[in-house]
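The values are calculated or read from the model by the stated rules, or taken from the named source; none is laboratory data. Since we're looking at a predicted model, the values are computed, not measured. Positions of Cβ are backbone-derived with ideal geometry, glycine not excepted, and every protein chain shown enters the neighbour counts.
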Amino acid sequence: MNIFVSILIPAFNESINIPIIYQELIKELTKRSDYYEILFVDDGSTDNTLEQIQKLASSYSEVKYLSFTRNFGKEPAIYAGLQHARGDAVIIMDADLQHPTHMIHPLIDGFKEGFDQVIAQRNRIGESFMRSRLSCLYYSIMKQFVEVDLKDGQGDFRLLSRRAVNTVLTMGERYRFSKGLFSWIGYNQKVIMYDNHARGKGESKWSLKKLIDYGIEGVASFNHKPLRLCLYTGFITLFLAILYIFFIFGEFLINGISVPGYFTTISSVLFLGGIQLVSLGIIGEYVGRIYHETKQRPLYITQYSNIGRKKNVHKFK
Ligand code: UDP
Ligand code: MG
């Protein structure tokens, strides 16, 4: 049975990698009898990524692309790609050659066996010690906070069946955390392991701040446990404060007014102030999300594309 596969590649400043990944993909794809399209989503690159993609598209009809008006982020790029992919199955992979192209065979085979999600899971060989420790820590914290099942090494590199794609597309939230969404939708899944690869050309686009933001995203887009944590901390602090007030009052009854305690005053003010600020911050996270969701802005704006003649702004109902 031959199927139609869409390979979805979000790309931000990957001009050097575009021709390479195309060649590598074609090498693998031509070994199969399945039909395919390669869909690049240029996420507002500032180098000549778009020109590279357009060059490929003008020579090869299986190359499709969308190009955003600015950098919207990898998540909107994936969403846009899923909206425009036409395949029976969609494989999402990075442009930087960290996702080995030969993996498309087990991915497609998994789909043909009847799995709706075939996940390529990476081991952490060759990764910096700090980075893999941090990732481990992140996933163990996430386990405590989030109901969806996130696994270390399982990212966006995976195959989704048409119905899994359609399900993901029904979730039009602006703050997206694909890893979580993919896990949340369920369906029967198969996991295939592969060896971690060093990045091809160019820099990783993730700064430490972006990683931390992504971590917060993961927790906050799936539940409101941190809000509850605030509440508990508040209760405990209040309880301790009341005990302390009784204690001082008792001391006052027994000993009369003692020397005003600078230390206790300042430390309690600071402690309470700190807790209040943290709580406000957490509430702010959620209020901010509500604010952005209610604005109902499009997730991305397309500027150039060779896919049909659709309206160039994609809005949700
Ligand atoms: N990417 C994107 N928009 C961004 C950042 C990254 O489309 O704002 C793409 C990037 O071109 C690559 C993939 O997302 O194809 C993964 O990015 P990167 O390699 O920087 O992340 P890492 O592999 O370090 O997680
Ligand atoms: Mg990468």
Flag for LEU208 being within 14 Å of ligand 1 (Cβ to nearest atom), exposed (fewer than 13 other Cβ atoms within 10 Å of the Cβ) and closer than 30 Å to LEU280 by Cα: yes
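Residue-wise test of (1) touching a residue at least 12 places away in the same chain (Cβ under 8 Å); (2) under 17 Å from the mean Cα position of the chain (by Cα).
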| position | (1), (2) |
| --- | --- |
| ASN71 | yes, yes |
| ILE78 | yes, yes |
| GLY87 | yes, no |
| ILE104 | yes, no |
| LEU107 | yes, no |
| GLU113 | yes, no |
| SER132 | no, no |
| TYR139 | yes, yes |
Of residues in region 141-170 being among the small types (Gly, Ala, Ser) and away from ligand 2 (no atom under 16 Å from the Cβ), the one surrounded by the most Cβ atoms within 10 Å (Cβ to Cβ): ALA164
Unmet requirement for ASN223, which otherwise passes all of (1) in a helix (DSSP H, G or I); (2) modelled with pLDDT under 80: (1)
Wholly enclosed helices (runs of 4 or more DSSP H) of region 31-148 bearing at least 1 residues charged (D, E, K, R) and more than 18 Å from THR302 (Cβ to Cβ): 49-59, 104-112, 129-145
Top-ranked residue in region 1-17 [being more than 13 Å from ligand 2 (Cβ to nearest atom) and either without any contact (Cβ under 8 Å) to a residue 24 or more places away in the chain or surrounded by fewer than 23 Cβ atoms within 10 Å (Cβ to Cβ) (or both); ranked as farthest from LYS64 (Cα to Cα)]: MET1
Residue pairs meeting the criteria (Cβ under 7 Å; at least 6 apart or on separate chains; first without any contact (Cβ under 8 Å) to a residue 24 or more places away in the chain, in region 293-306; second part of a strand (DSSP E or B)): PRO298/VAL313
Options GLY180, GLY215; residue that is more than 16 Å from ligand 2 (Cβ to nearest atom), at pLDDT below 80, of a type in the set (Gly, Ala, Ser) and assigned to a helix (DSSP H, G or I): GLY215
Which numbered condition ARG131 misses (of (1) out of contact with any Leu (no Cβ under 7 Å at 6 or more places or on another chain); (2) farther than 18 Å from LYS179 by Cβ): (2)
Filter result for ASP96 (over 21 Å from LEU169 (Cβ atoms), buried (at least 22 other Cβ atoms within 10 Å of the Cβ) and among the acidic types (Asp, Glu)): yes
